[in-house]
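Working notes for the structure below.
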Amino acid sequence: MIGLNLLRLIAQNKIGEFHTILERMSEEELSNVYIQHPVQIERYLMEGSYNKIWSSKMDVPAEEYHIFMDELMVTIRYSADKRFTLQGNDTEHYSRDDIASCCEQTYHTLPVQDLTSLLCLKNSSDVDQWIREVIYSDWFDYILVLILLL
């Protein structure tokens, strides 16, 4: 239950409360797999390693963790840019928007194969499809980013 609560706090962007709970835990408790998962997720989040968070989404210590991992994907999206409104339940799409927003700030150019990997897509045609979805959903800020990246 503590591990789920820690993951919930991360997903709700309550990092201060997350660290307060961690500080009160013993070394033995911190080594528990159910605690280690949210600790690792928070570390990835602080590093900006969204691809690692994305990969960890499928490697959870208990089935219940999926609920908060999905919520975290939405939180990642909103932490970067709160101007957009939530549309549907496609949490993958939201974290991809966040990653694309970070790419705009980080890279002058970015090969399509690297963008494919960063967005956790399978191939360049998936990148093309994602760009079309972005354009059709009126998220015009990303059009310029993607043009510059491609």
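The values are calculated or read from the model by the stated rules, or taken from the named source; none is laboratory data. The structure presented is a predicted model; accordingly, all values stated were derived computationally and were not measured. In this analysis, Cβ positions are derived from the backbone assuming ideal geometry, glycine residues included, and neighbour counts consider all displayed protein chains.
From the set of residues in the range 40-66 that are closer than 15 Å to ASN13 by Cα and among the β-branched types (Val, Ile, Thr), which is farthest from the chain's Cα centre (by Cα)?
Once the filter is applied, the top-ranked residue is ILE41.
So for the range 52-63 (the condition being surrounded by 20 or more Cβ atoms within 10 Å (Cβ to Cβ), under 24 Å from THR116 (Cα atoms), modelled with pLDDT under 95 and outside the structural domain of LYS122 (by TED's automatic domain parsing)), does at least one residue qualify?
Within the range 52-63, one or more residues are surrounded by 20 or more Cβ atoms within 10 Å (Cβ to Cβ), under 24 Å from THR116 (Cα atoms), modelled with pLDDT under 95 and outside the structural domain of LYS122 (by TED's automatic domain parsing).
Which residues, taken from the range 64-73, are surrounded by fewer than 19 Cβ atoms within 10 Å (Cβ to Cβ) and of a type in the set (A, V, I, L, M, F, W, C)?
ILE67
In the range 66-117, what residues are modelled with pLDDT of 80 or more, in contact with a Leu (Cβ under 9 Å, 6 or more places away or on another chain) and within 21 Å of ARG43 (Cα to Cα)?
Hits for the range 66-117 are ILE67, PHE68, MET69, GLU71, LEU72.
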